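The next block holds one structure in the form of structure tokens; read it before the comments.
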Amino acid sequence: MTQSGSHASDLYQQVILEHNQKPRNFKVLETANAYALGKNPLCGDQFAVYVSVSDDGTIEDIGFQGMGCAISKACASMMTTQVKGKTKVDALQLKDEFQKMLLGELNETTEAHHLGKLTMFSGVKQYPVRVKCATLAWHTLEAALEGKASEISTE
Amino acid sequence: MSLSKEMKPVAVDLVEAVQMSATPQPIVSPLSEAEVRSIRADFPVLSQQVNGYPLVYLDNGATTQKPQAVIDRMTRFYSEEYGTVRRGVYALSAKATEAFDQVRSQVAQFLNAASEKEIVFTRGTTEAINLVAFSLGNVLLKPGDQVLISGLEHHANIVPWQEACARTGATLVVIPVLDDGSLDQTVFEGLLSPQTKILALTHVSNALGTVNPVAEMIERAHAVGAVVLIDGAQGAPHMSVDVQALDCDFYAFSSHKVYGPTGVGVLYGKYNLLEQMPPYQTGGDMILSVTFEKTTFAKPPARFEAGTPAIAEVIGLGAALDYVTSVGLDRIALTEEKLRQEATDALSGLPGLRMIGTASQKSAVLSFYLDYAHPHDIGTILDQSGVAVRAGHHCAQPVMQRFGVPATARASFSFYNTSDEITRLVSAIGEVRRIFTGSV
Ligand SMILES: Cc1ncc(COP(=O)(O)O)c(C=O)c1O
């Protein structure tokens, strides 16, 4: 359900469309030492996330592959640019903040956070059925970093 | 009517036909604009605004909206007539039982079944298919046998058979789908053999709209001795169905897709088959007598209706069938065919649009893919303009795999939809194009 007055073009901002068309780090990472596959069985979206983590826990490189809607793909692309160079711990905190923003549990304009450019996805919270699209790559990253499961599903 | 080969003006033929036929049939026509307007007024949901626009509801393949008559009938039943069925000796229960049983006869008439004893109430199409797959599947299937399904099936007509095969050692065999979304009849005939014990086939594909030539296929399957189940979830709401003319052994449909309430569906089964089948679920209402040593099961249909049924929903289904019968299934089919042609023409010309499912026999289901936007993004943007379509795999993942797409956007029509709504759909797709490609 969406609030009336919200417009599709608020959700599909230029930057998001541009990331969808030209996703960053859209590659299989040969040097990866962490990997996970994330699937949304309800819509068939699916992304593989490859991470190369150094001994001190820094994300040195990251890549992703897969297919999905504009929201899920742009989110995955933007995610890779935002977590590269961060520590595992910081990346996971960012995932939490991102998820909270979309669930309406964190107000990105009044509360402290580290989301930076990621706030451009705040429009997704008007579209509860699309929140899973936006968080799919993040859940996959978490699974890769924690090494608990090589395959995750939103359901 | 004479089959004279002479060229004659059609009108003359019709006049002759009317004069010659003992009971003159009225000429069936699609609903007029005025009739559709008055029908739309019967559906309260249709008059609402979504995101600031009048709702355009094009997800009728998933579920249909409810006319006031159905809502009122259920409300009246709950406020004035409610009681349990088949159990109470008091007036309220007797009356509820009578109303409930009356719907069974009504459904029998709706499908032209030989007897109301051939009508089993289930929770829906899914439960009806599971019932047959368990009850008949378990006694009929042996290792080496085959269950034939088609590449167009909804998951509800795939998974129960996969499971039945896993339990019994039978093999699942699939009739392939051609590029236009119709079934490969040549391969079908080649697949039939004495090992074919069951053919489970959809009447109409929910994902593509293809209408299968079920009568011919049933005849061919019977010729090798197979039992045939038709998944009528997308058939019964859109055309008149005559199970005796089709000669199918089972036919299943869901109330919620025929303008009735959720939670109830129908399994039609030939009585001689139902009679030989063991119960699917057990408990109250389906027994003749119970001792701790032995239970005797009731005859069909009660044998297959364990527990208190969805009483009010069955009553609501009765009102829904009254409604569609009063509009007329033949007129519904013609009206929807007109909408299908109009919408197909309107959408086919749009740049970057690929129509999936172009069989010559189709119901008013348009499944499409845009080369510039994912179906979910289409769904979200259309919704912003008040246009509700389904985006996804439509519970038919093998169909999506067959056509090499992850999902499609699907507009599925009902006789209450209008030409204006097709225009709204087209302009909403234009908005998707504007957002994604910048062009208008
Ligand atoms: C062709 C077909 N078969 C089976 C079903 C399952 O119906 P229900 O979910 O009402 O049991 C559907 C509904 O989506 C359908 O379209």
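The values are calculated or read from the model by the stated rules, or taken from the named source; none is laboratory data. Being a predicted model, the structure only gives us computed values, none of them experimental. In this analysis, Cβ positions are derived from the backbone assuming ideal geometry, glycine residues included, and neighbour counts consider all displayed protein chains. Surface accessibility is based on the protein's heavy atoms, side chains included, excluding ligands, DNA and RNA. Shrake-Rupley method; radii C 1.70, N 1.55, O 1.52, S 1.80 Å.
Just a few scattered comments:
- Above-threshold pairs, the threshold being 32 Å between Cα atoms, out of B:117/B:142; A:39/B:270; A:27/A:100: A:39/B:270
- Estimated distance in nm for a label pair at residue A:126 and residue A:31, the labels positioned 7 Å out from Cα along Cα-to-Cβ: 4.2 nm
- Burial here means at least 30 square angstrom less accessible surface with every protein chain in place than with the chain by itself, probed at 1.4 Å; in region B:390-416 the buried residues are B:393, B:406.
- Under the Debye formula (equal points on every Cα, no solvent term), log10 I(q)/I(0) of region B:158-253 at q = 0.13, 0.14, 0.18 Å⁻¹: -0.44, -0.51, -0.87
- Summed buried accessible surface, chains A and B, 1.4 Å probe, nearest 100 Å²: 1400 Å²
- Taking every residue in A:121-134 and counting other chain Cβ atoms within 10 Å of its Cβ, the average works out to 1.
- Contour excess over end-to-end distance, with Cα ends at residue B:282 and residue B:219 and 0.36 nm allotted per residue: 19.3 nm
- Per-residue ellipticity at 222 nm computed for chain B from its helices equals -12000 deg cm²/dmol, with DSSP H segments shorter than 4 residues left out and the rest contributing -39,500 (n - 2.57).
- Computed with a 1.4 Å probe over protein heavy atoms only, the accessible surface of chain B comes to 42 Å² per residue.
- Highest to lowest packing among B:321-328, B:196-203, scored as the average C-beta count within 10 Å: B:196-203, B:321-328
- Antiparallel DSSP beta bridges within the protein assembly as shown, as percent of all bridges there, nearest 5: 65 percent
- Multiplying the residue separation of residue B:245 and residue B:184 by 0.36 nm and removing their Cα-Cα distance gives an extension gain of 19.6 nm.
- Applying the Karplus relation 6.51 cos²θ - 1.76 cosθ + 1.60 with θ = phi - 60° to region B:189-205 yields 3J(HN,Hα) values of 5, x, 6, 5, 7, x, 6, 5, 9, 9, 10, 10, 9, 7, 5, 9, 6 Hz, where x marks Gly and Pro.
- 3J(HN,Hα) along region A:36-46, derived from phi through the Karplus expression 6.51 cos²θ - 1.76 cosθ + 1.60 where θ = phi - 60°, amounts to 8, 10, x, 10, 10, x, 6, 10, x, 5, 7 Hz, with x in place of Gly and Pro.
- Amide H contacts under 5 Å for residue A:36, placed H, 5+ residues apart: A:49
- In region A:30-73, comparing the full protein assembly with the chain on its own, the residues that lose 50 Å² or more of accessible surface at a 1.4 Å probe are A:43.
- Overall form of chain B per C-alpha gyration tensor (a/c, 1.5; a/b vs b/c): rounded
- Prolate/oblate/rounded label for region B:70-326 (Cα gyration tensor, a/c 1.5): oblate
- Relative contact order of region A:3-148: 28 percent, from C-alpha pairs under 8 Å at least 6 residues apart in sequence.
- Of the trypsin sites (Lys or Arg not before Pro) found in region B:85-186, the ones in coil according to DSSP and having at most 14 other Cβ atoms within 10 Å of their Cβ are B:87.
- Over chain B, relative contact order from alpha-carbon pairs under 8 Å, at least 6 apart, %: 21 percent
- Dipole in debye (nearest 20) - the protein assembly as shown, about Cα centre, beta carbon charges: Lys, Arg +1; Asp, Glu -1: 340 debye
- Positive-pole candidate from B:280, B:439, B:56, dipole of chain B, charges at beta carbon: B:280
- Pairs from the table (A:84/A:132; A:84/A:125; A:22/A:84; B:66/B:338) all lie within 28 angstrom of each other at Cα.
- The share of accessible area on chain A that comes from carbon and sulfur is 49 percent, using a 1.4 angstrom probe.
- Three-way shape call for region B:73-117 based on the alpha-carbon gyration tensor, with the a/c threshold at 1.5: oblate
- Taking all protein chains into account, the per residue accessible area for region A:3-148 stands at 44 Å² (1.4 Å probe).
- Top positive-direction residue, dipole computed over chain B with Cβ charges, set B:132, B:214, B:349: B:132
- Ranked packing of A:66-73, B:240-247, most packed first, by mean Cβ within 10 Å: A:66-73, B:240-247
- Sulfur and carbon atoms: percent of accessible area, region B:70-326 [1.4 Å]: 54 percent
- 3J(HN,Hα) from dihedral phi, region B:290-302, Karplus parametrisation 6.51/-1.76/1.60, rounded to Hz, x for glycine, proline: 10, 10, 5, 8, 7, 10, 9, 7, 6, 6, x, x, 4
- Pairwise label distance in nanometres, residue A:148 with residue A:96, each label 7 Å out on the Cα-Cβ vector: 1.4 nm
- Helix B:311-327 vs. chain B, principal-axis angle (Cα, 0 to 90°, nearest 10): 50 degrees
- Angle in degrees between helix B:159-168 and the longest Cα principal axis of chain B, rounded to the nearest 10: 40 degrees
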